[in-house]
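Following: one structure in structure tokens, then a few remarks.
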Amino acid sequence: MAHLSRRHMLGILGASVAAPGILRAQETGPLKIGGMLPLSGPASIEGRQIIQGLEFAVEEANAKGGLFGRKIELVMEDDESNSTKGVTAVRRLIERDKVPFIVGTYASAVAAAASKVSAEYKVAMLSGGSTGAIATDQNTPGDPWFFRSWPDSNAQGEDTARAIIDKFKKTKVAIIHDNTNYGVTLAAQVTKVVSDAGGSIVSKDSYNAGEQDFSTMLTKLRTLKPEAVYIGGWAGDGANIVRQSAEVGLRAQFVGSGSMLSDDFIRLAGPACEGFAVATLFEASTPNPVGKAFADRFRAKHKADANTFNSLGFDSTTIALEAMRRVGKPDSLEIQKMLKSGLKDFPIVQGPAGTMAAFNDKGSVDFPNFIAVIRNGKRSLDPVG
């Protein structure tokens, strides 16, 4: 992939715009669509995999002739996981590039801040990986402008906690989470579900995203002898925690948040991640035939298996493009209406077989997470329960 700085046109061609009253929609040339992800900064590991899904969706659409006789152009912004930069990026995409929708972003705090601005312009945002409930909770029920085509962090936390208790049969649980909304929300949900199921939380520790040394925390935790350790946060931090746990002799069933899904996590954590379990929405071995077909096409192009991050970007982009196709024009107001209720028959690659882009009143799609376990350096997919 070409070098990506703060703002990029990636030459993969895309949609147009209709912001309310103050902007004139694109009428000629490529149809521009907006994308916003952390392509640098602490979540760039995730962002650079999600963008592959956006690109792949646009490439496939263009191979079929684009939309309305025009090629689709993906215009990218790098928000660096920074809310101020995310808000600026949204304004730029709408005011300058006149996009009719935006796929973005990964960090939930950035998504929440940016989507408020996007809603003011009446331009829908579709999550670029954000799972934190905060972004959809701030939607007006029945009239969302931020859409997430997978369950929120509350559902992910619940499915993960159920796996700890029911699948792994662990009841003494330690929780380590970062201080982002994503990490805090996940920790709260895991705490609730484990406690309600009769388990106990033996400790709860937090950290700031990007910290490097967890040895003191983990050495103290080792003395408590937890049966399972849940980590809620970003991939790089999670890999450091797993690797340093092995170094201090902390032995337990490690379970992590959905950010820790990638091959990069496995590479960074090394052999210490053997047996690590993580909630996931998609793997190349998915039982979902739509997802399996996507995985086969992705592998044919990239010579590598698609992962959840790839699928997040792909689903959000294909859903938005399909909404625009059904509307028949790059009109942001009509696209939002179509997203709200007009795609319940549109299959997506994530989730179990038969999962559709059926958004609930808050703008999220509900389905059960899978649990993937790392065995011999590869993720192996298991259903929850």
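The values are calculated or read from the model by the stated rules, or taken from the named source; none is laboratory data. Nothing here was measured: the structure is a model prediction, and the numbers come from that model. Neighbour counts are summed over all protein chains in view; Cβ atoms, including those assigned to glycine, are modelled from backbone coordinates with ideal geometry. Quick note on the areas: whole protein, heavy atoms, side chains included, nothing else; ligands and nucleic acids left out. Shrake-Rupley method; radii C 1.70, N 1.55, O 1.52, S 1.80 Å.
Can you run phi through the Karplus equation (6.51, -1.76, 1.60; θ = phi - 60°) for segment 82-98 and list ³J(HN,Hα) in whole Hz, with x for Gly and Pro?
The phi angles translate into 10, 4, 4, 5, x, 4, 4, 5, 4, 4, 5, 4, 7, 6, 8, 9, 6 Hz.
P(r) tail for segment 243-385, what percent of Cα pairs lie past 27 Å?
32
Quick one: plug the Kirkwood hydrodynamic radius of segment 115-155 (C-alpha pairs) into Stokes-Einstein at 20 °C, 1.002 mPa s, and report D in µm²/s.
It diffuses with D of about 208 µm²/s by this estimate.
Roughly how big is segment 266-358's charge dipole about its Cα centre, with Cβ charges of +1 (Lys, Arg) and -1 (Asp, Glu), in debye to the nearest 20?
Using only the charged Cβ atoms, the result is roughly 260 debye.
Within straight cross-link reach of K32, meaning Cα distance under 15 Å, which aspartates and glutamates are found once same-chain residues fewer than 8 apart are removed?
Reachable aspartates and glutamates: E55, E59, E73, E77, E95, D97, E322, D331.
What is the extension gain from T223 to E247, computed as 0.36 nm multiplied by their sequence separation minus the C-alpha to C-alpha distance, in nm to one decimal?
7.2 nm
Place a +1 charge on the Cβ of each Lys and Arg in segment 76-123 and a -1 charge on the Cβ of each Asp and Glu, then give the dipole magnitude about the Cα centre in debye, rounded to the nearest 20.
Approximately 200 debye in magnitude.
For segment 363-371, what does the Karplus curve 6.51 cos²θ - 1.76 cosθ + 1.60, with θ = phi - 60°, yield as ³J(HN,Hα) per residue in whole Hz, taken in order and with x for Gly and Pro?
x, 10, 10, 9, 6, x, 6, 8, 10
How far, in nm, would the chain grow between E120 and K204 when pulled straight, counting 0.36 nm per residue and subtracting the alpha carbon separation?
Extra length available between E120 and K204 comes to 26.4 nm.
Pick from G132, G53, G275 the residue whose mean-square fluctuation is largest in a GNM of the chain, springs joining Cα atoms under 10 Å.
G275
Positive end of the charge dipole of the chain (Lys, Arg +1 and Asp, Glu -1 on Cβ, about the Cα centre): tell me which of A61, I231, M338 has its Cα farthest that way.
Farthest towards the positive end: A61.
Within segment 140-185, which trypsin sites (Lys or Arg not before Pro) sit in a loop by DSSP and count at most 15 neighbouring Cβ atoms inside 10 Å?
Sites meeting the loop and neighbour criteria: K169.
Find the accessible area per residue for the chain; the probe is 1.4 Å, ligands and nucleic acids are left out, and the unit is Å².
Normalised by residue count, the accessible surface of the chain is 37 Å².
Using a Gaussian network model of the chain with C-alpha springs under 10 Å, which one of E120, E283, E73 is most mobile by mean-square fluctuation?
Most flexible of the set in this elastic network: E120.
I want to verify a result. In a Gaussian network model of the chain, Cα cutoff 10 Å, which of these has the top mean-square fluctuation: T308, T219, T160?
T219
Which residue, A252, V190, P100, has the largest displacement toward the positive end of the dipole of the chain when charges sit on each Cβ (Lys, Arg +1; Asp, Glu -1)?
Towards the positive end, the residue furthest out is P100.
Given a Förster radius of 35 Å and the C-beta distance between A63 and R96 as r, what FRET efficiency does 1/(1 + (r/R0)^6) yield to the nearest 0.05? Spell out each step's value before the answer.
Details: r = 28 Å, r/R0 = 0.79.
After rounding, the FRET efficiency stands at 0.80.
Computing the accessible area with a 1.4 Å probe over protein heavy atoms, can you report the carbon and sulfur percentage for the chain?
Roughly 50 percent, rounded to a whole number.
Ignoring solvent entirely, what values of log10 I(q)/I(0) come out of the Debye formula for the chain at 0.06, 0.08, 0.09, 0.10 Å⁻¹ when each Cα is a single scatterer?
Scattering profile of the chain, log10 relative to I(0): -0.21, -0.38, -0.48, -0.59.
If you put +1 on each Lys and Arg Cβ and -1 on each Asp and Glu Cβ, how big is the dipole of the chain around its Cα centre, in Debye rounded to 20?
340
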